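Coordinate-derived values only; no laboratory data. These numbers come from a predicted model, not from an experiment. In this analysis, Cβ positions are derived from the backbone assuming ideal geometry, glycine residues included, and neighbour counts consider all displayed protein chains.
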Number of protein chains: 2
Amino acid sequence: MTALDETQAPAGTEEFVAALRANARRYHHQHPFHLRMNRGELSREQIRGWVANRFHYQQCIPLKDAAILSNCPDPEFRRRWIGRILDHDGTASDPGGIEAWLRLAEAVGLSRAEVRDERHVVPGVRFAVDAYVTFTRTRPCAEAVASSLTELFAPDLMSERLAAFERYYTWVEGEGLTYFRNRLHQAPRDSEHALQLVTEWCRSDDQRERAVAALSFKCDVLWSMLDAIDQAYPG
Amino acid sequence: MTALDETQAPAGTEEFVAALRANARRYHHQHPFHLRMNRGELSREQIRGWVANRFHYQQCIPLKDAAILSNCPDPEFRRRWIGRILDHDGTASDPGGIEAWLRLAEAVGLSRAEVRDERHVVPGVRFAVDAYVTFTRTRPCAEAVASSLTELFAPDLMSERLAAFERYYTWVEGEGLTYFRNRLHQAPRDSEHALQLVTEWCRSDDQRERAVAALSFKCDVLWSMLDAIDQAYPG
């Protein structure tokens with residue numbers, strides 16, 4: 001069943017999904033820094049600062065997905081979720097998302113070394129990302145999976161961002177945008193799976209409230225990262 | 001380089017590897033329960049009890065490997081280590097080690113249901129296995145990897161066990177032994193990788209002592225599991 005197949009879904013699934021989706025209003029596509037980015041108003045230095053700081057998040061994605069794997073006793077779940085780690089770390093045939101982000105970094109004029117050693121990463125970004133990893137390590141699997149549902153909102157932002165880069169930031173080589181292009185199809189596939197799990201697992205009011213709170217927490221993480229980047233690179 | 005390539009290995013590697021290998025004397029192949037198993041002296045009930053209890057360990061292997069992934073910031077490391085999770089959880093083309101253990105369980109006369117719900121798992125086994133998972137979640141990556149080095153000692157035990165099953169426990173269908181056969185080649189491959197990492201990462205006396213202690217801890221885990229099984233199924 002898909003999450004939205006109401007013929008077999010648990011009672012109240014539609015309202016629950018609506019409550020999850022309502023978090024879209026708190027998603028970081030509305031953050032002033034992203035609004036300026038998508039209007040083409042950021043300087044090269046601001047774009048670089050964003051890319052270098054956001055790398056800490058990219059680095060930590062496999063750590064949080066491995067933490068989720070480590071907390072879920074269901075092999076069936078793990079067999080699918082592990083694809084997220086492979087997507088980011090790469091395989092023999094695919095360099096993966098972390099490598100794609102490093103290529104973006106090079107395309108905006110940063111060296112791989114200065115991105116990898118995280119010298120530009122500001123404390124607020126580190127605290128927010130690390131809070132997210134800790135959340136996935138310490139919370140029940142259902143909440144950790146629910147926190148990933150910001151991917152429900154990601155494709156629209158990713159499309160806008162791609163258009164903005166192609167239009168306003170033409171100094172960035174198109175090949176550097178591969179990470180964003182890959183996420184256009186990865187994010188909907190992943191969020192559909194996560195939504196299916198969360199609607200199956202969370203059936204009581206309490207479980208559903210905690211799932212919505214987890215997603216809300218994740219919106220705070222993303223927003224807080226941009227607050228810190230905005231402060232560090234005022235333009 | 002391989003771990004034993006002394007031309008490039010860090011100073012003292014040979015002694016360090018010897019100290020690690022010395023833990024073989026504490027490995028559970030010497031446990032009275034295993035000695036009796038390999039002499040063909042266990043009853044069907046004892047074999048079943050062992051298979052059902054050991055399933056808790058099998059279930060937790062991917063959880064501990066995911067915990068190790070989650071604690072290691074090096075994508076290169078993770079790209080290889082993730083193969084252990086795939087080996088146990090399975091992929092589209094390979095049913096994996098947990099499934100192979102369930103088939104062993106069926107071959108010894110247990111139902112998948114009674115193994116999966118862990119109704120036969122005794123507290124001592126649960127405590128030991130869960131201590132191992134907690135160890136990998138909370139200790140530095142190098143120690144967690146070092147704790148996996150019991151696989152250095154596993155192939156000999158596995159060969160003896162296979163011979164014992166084929167000779168003494170002929171009531172167990174040969175197909176049920178696939179798990180053991182797979183480990184004959186998986187364990188040396190995995191332990192070679194782990195040994196290479198541990199000798200590269202652990203260069204100070206303190207780091208090396210902690211690696212040896214981690215392996216010693218893991219020997220205690222395996223031994224303690226057999227103590228508990230031995231008590232629960234006195235024959």
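Values for this structure:
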quantity: Rounded if a/c under 1.5, otherwise prolate or oblate - segment A:1-88, Cα gyration tensor axes; calculated: oblate
quantity: At R0 = 41 Å, FRET efficiency that the Cβ-Cβ distance of A:ARG36 and B:ALA24 yields, to 0.05; calculated: 0.05
quantity: Segment A:30-161, relative contact order [Cα under 8 Å, separation at least 6], %; calculated: 33
quantity: Loop-located GluC sites (Glu not before Pro) in segment B:170-235, at most 14 other Cβ atoms within 10 Å (DSSP); calculated: B:GLU173
quantity: Proximal lysines relative to A:LYS64, as straight alpha-carbon distance under 21 Å, when same-chain residues fewer than 8 apart are discounted; calculated: A:LYS218, B:LYS64
quantity: Inter-chain shielding of A:75-87 (mean C-beta neighbours from other protein chains, 10 Å cut-off); calculated: 4
quantity: Global form of segment A:177-216, assessed from the alpha-carbon gyration tensor, a/c cut-off 1.5; calculated: oblate
quantity: More than 13 angstrom apart: percent of Cα pairs within segment B:71-116; calculated: 63
quantity: Net +/- balance of residues flanking A:LEU184 in space, Cβ distance below 11 Å, scoring K and R +1, D and E -1; calculated: +3
quantity: For chain B, convex hull of alpha carbons as volume per residue, Å³; calculated: 120
quantity: In segment B:6-80, the trypsin sites (Lys or Arg not before Pro) that fall in loop regions by DSSP, at most 12 other Cβ within 10 Å; calculated: B:ARG39
quantity: nm² value of the averaged projected area, convex hull over the Cα atoms of segment A:77-216; calculated: 9.7
quantity: The protein assembly as shown: C-alpha pair distances exceeding 42 Å, %; calculated: 25
quantity: Highest-MSF residue in chain B out of B:HIS34, B:HIS185, B:HIS193 [GNM, Cα springs under 10 Å]; calculated: B:HIS185
quantity: Helical mean residue ellipticity (222 nm; -39500 (n - 2.57) per DSSP H run of 4+; nearest 500) of chain B; calculated: -23000 deg cm²/dmol
quantity: Segment B:132-155-segment A:49-72 distance, computed between alpha-carbon centres (Å); calculated: 23
quantity: Relative contact order (%) - criterion: Cα under 8 Å, at least six apart; region: chain B; calculated: 34
quantity: 10 Å Cβ neighbours from other chains, averaged over peptide B:60-70; calculated: 6
quantity: Burial order of peptide ranges B:109-115, A:136-142 (average beta-carbon count within 10 Å, highest first); calculated: A:136-142, B:109-115
quantity: Segments A:225-231, A:90-96 sorted - mean Cβ within 10 Å per residue, highest first; calculated: A:225-231, A:90-96
quantity: Mean Kyte hydropathy of -0.5 or more with a Cα span along the axis of at least 30 Å, helices from DSSP in chain A; calculated: A:44-70, A:205-232
quantity: Net charge over other residues, Cβ less than 13 angstrom from the Cβ of A:ALA228 (K, R count +1; D, E count -1); calculated: -2
quantity: Position B:GLU114, label points 7 Å along Cα→Cβ, spacing to each other copy in nm (shortest first, one decimal); calculated: 6.7
